[in-house]
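J.: My questions will all concern the structure given below.
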Amino acid sequence: MSDSHLKLLKGNEEFVAEKLNQDPDFFKKLSEGQSPDYLWIGCSDSRVPATEITNTKPGDIFVHRNIANVVVNTDMNLLSVLNYSVNYLKVKHVIVCGHYGCGGVLAAMSNKKLGLIDNWLSNIKDVYLANEAELSSIQDENERGRRLVELNVKQQVINLSKTSIIQGAWAEGNLPILHGWVYGLEDGKLKDLDIKINKPSSIPNIYQFENA
């Protein structure tokens, strides 16, 4: 039987000791509430921890993660996180962050049958189909995968802007601003994809809700 899980408990002891050494009131202050400025929608990949790659502290970022950072308007888990962060925590920014070399994106590029996850990856196949002309023109498979990672992030930001939660906040004159980023596993750097949406007029009219 593997005891590798014990290193997590040991790591927790070291984490607590380090934080208390830096600030004896660290956990007391942390327990009093949270007011993060950011909601991070990222991939579940273990190599892309939001707070570590942004050098931020516990309490700075509200986080939702799933396979390939997908925003689906029927995903009650994501919508619950989005509603709470936007309407109660009043986050100022929502960041969709993908990463190059994403296994979910690469799997969606293939015709392999993987099981239950195939239904989830269908959302990314839709992104591929919508951009098939561009993607098919990229001969190098690695570069094609990198481009699909970027296109997937951009589409998920657009999907966010279509939600009643985001548009409701905008209608009341509130934030957030929506952003799309990509993380490079090979160099540890974040890339801003220059997609920034903060008003309904930035999306097609058919998706815009009328104000009550």
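Each reported figure results from applying straightforward, stated rules to the coordinates on display, with no laboratory input. From a predicted model like this one, the values you see are computed outputs, not experimental measurements. For neighbour counting, all protein chains shown are included, and Cβ atoms are generated from backbone atoms with ideal geometry for every residue, glycine included.
J.: Dipole magnitude of the chain about its Cα centre, charges +1 at Lys/Arg Cβ and -1 at Asp/Glu Cβ only, in debye to the nearest 20? Before the final figure, lay out the partial values.
T.: Details: 22 positive and 26 negative charges, 48 e Å.
Roughly 240 debye for the chain.
J.: Between the DSSP loop rule and a limit of at most 10 other Cβ atoms within 10 Å, which chymotrypsin sites (Phe, Trp or Tyr not before Pro) in the range 1-98 are left?
T.: Tyr88
J.: Continuing with the same structure: In Å and from the alpha-carbon atoms only, list the Rg and Dmax of the range 104-212.
T.: According to the Cα coordinates of the range 104-212, Rg and Dmax are 16.1, 50 Å.
J.: Return the tail of the calculated pair distribution for the range 68-114, meaning the percent of Cα-Cα pairs more than 13 Å apart.
T.: 67 percent
J.: Using only alpha-carbon positions, what ratio does the radius of gyration of the range 1-117 give when scaled by 2.2 N^0.38 Å?
T.: Normalised Rg, Cα atoms only: 1.30.
J.: A follow-up question, please. At most 14 other C-beta atoms within 10 Å and a DSSP loop state: those are the exposed trypsin sites (Lys or Arg not before Pro) I care about. Give me the longest piece of the chain that has none.
T.: Within the chain, the longest run free of exposed trypsin sites (Lys or Arg not before Pro) spans 114-188.
J.: Just from its helices, what would the mean residue ellipticity at 222 nm be for the chain, if runs of 4 or more DSSP H residues each count -39500 (n - 2.57) and the sum is divided by every residue, rounded to the nearest 500 deg cm²/dmol?
T.: It lands at -13000 deg cm²/dmol.
J.: So, one more: On the principal axes of its Cα set, how long, how wide and how thick is the chain? Give whole Å, largest value first.
T.: On the principal axes, the chain reaches 57, 52, 31 Å in Cα extent.
J.: Another question, then. Using DSSP to define loop residues, name the GluC sites (Glu not before Pro) in the range 96-169 whose beta-carbon has at most 10 other beta-carbon atoms within 10 Å.
T.: Answer in residue order: no site qualifies.
J.: Can you tell me the FRET efficiency between Ala133 and Tyr207 if r is taken as the Cβ-Cβ distance and R0 is 22 Å, rounded to the nearest 0.05?
T.: It comes to 0.40.
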